[in-house]
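Notes follow the structure.
The numbers here are math on the coordinates, done by the rules we state, and not lab data. Note that this is a predicted model, so its numbers are computed, not measured. Neighbour counts are summed over all protein chains in view; Cβ atoms, including those assigned to glycine, are modelled from backbone coordinates with ideal geometry.
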Amino acid sequence: MSKVFKSNSEKDTAYIAEQFADIAKSGDIFALNGTLGAGKSVFARAFIQKLTPVKEAPSPTFTLVQMYPTPKFDIYHYDLYRLKSPAELFELNVDEAFYAGVCLIEWPEKMGPLTPRNIWQVDFEVNGNERTITVSVDDEEKLQRLEHVG
């Protein structure tokens, strides 16, 4: 099941991300799919800022992962763009993050066969100045939460 959101600005994308931050639970993995400049980092930054006092949340392009504590769970923001092999994921302690926190993963296709099942697929498509953000889930519990966004 999926739900489609339209964004005409970074502010719109941030608002959508904040709604997902409100419904996030420990163990959630958000796979942020899209081309460069599609809005993945804007979404991740707004999600993080909604749940933490962090003012700046840059994409972890060079560190590959940045962790942000919240009262309910830790947020792990991954940017896998520079990952050369899915096996490198184990060096980033993803197994712990996948189960103990909430993960925001830019360039999730780099995980290859190690991509977990039952994750939030967040697809960003650029149409001129507009972004179409399609969020897909496979299980009933996530679907119920998704229905509260929008």
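Give the residue that is farthest from Q121 (Cα to Cα), with candidates limited to residues of the range 28-53 that are in a loop (DSSP other than H, G, I, E, B) and touching a Phe, Trp or Tyr at 6+ places or on another chain (Cβ under 6 Å). Give the derivation first.
In the first step, residues of the range 28-53 are kept if they are in a loop (DSSP other than H, G, I, E, B); the result is 28, 34-39, 52-53.
From what's left, touching a Phe, Trp or Tyr at 6+ places or on another chain (Cβ under 6 Å): 34, 38-39, 52.
Numbers: G34: 11, A38: 15, G39: 14, T52: 23 Å.
Here the answer is T52.
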When only residues in the range 56-72 that are in a loop (DSSP other than H, G, I, E, B) and buried (at least 17 other Cβ atoms within 10 Å of the Cβ) count, which is farthest from the chain's Cα centre (by Cα)?
T70
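Only one of these is aromatic (F, W, Y), in a loop (DSSP other than H, G, I, E, B) and surrounded by 13 or more Cβ atoms within 10 Å (Cβ to Cβ): Y76, Y81. Name it.
Working: Y76 fails: in a loop (DSSP other than H, G, I, E, B).
Only one candidate passes the filter, namely Y81.
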Result of the Cβ filter at 7 Å on the range 4-27, keeping first residues that are in contact (Cβ under 8 Å) with a residue 12 or more places away in the chain and surrounded by fewer than 16 Cβ atoms within 10 Å (Cβ to Cβ) and partners that are part of a strand (DSSP E or B) and among the small types (G, A, S), at least 6 apart or interchain, is S26/G101
Would you mind stating whether P116 is out of contact with any His (no Cβ under 8 Å at 6 or more places or on another chain), in a loop (DSSP other than H, G, I, E, B) and touching a residue at least 60 places away in the same chain (Cβ under 8 Å)?
yes
Could you tell me whether the range 1-18 includes any residue that is within 17 Å of Q121 (Cα to Cα), of a type in the set (A, V, I, L, M, F, W, C), part of a strand (DSSP E or B) and out of contact with any helix residue (DSSP H, G or I) (no Cβ under 9 Å at 6 or more places or on another chain)?
yes
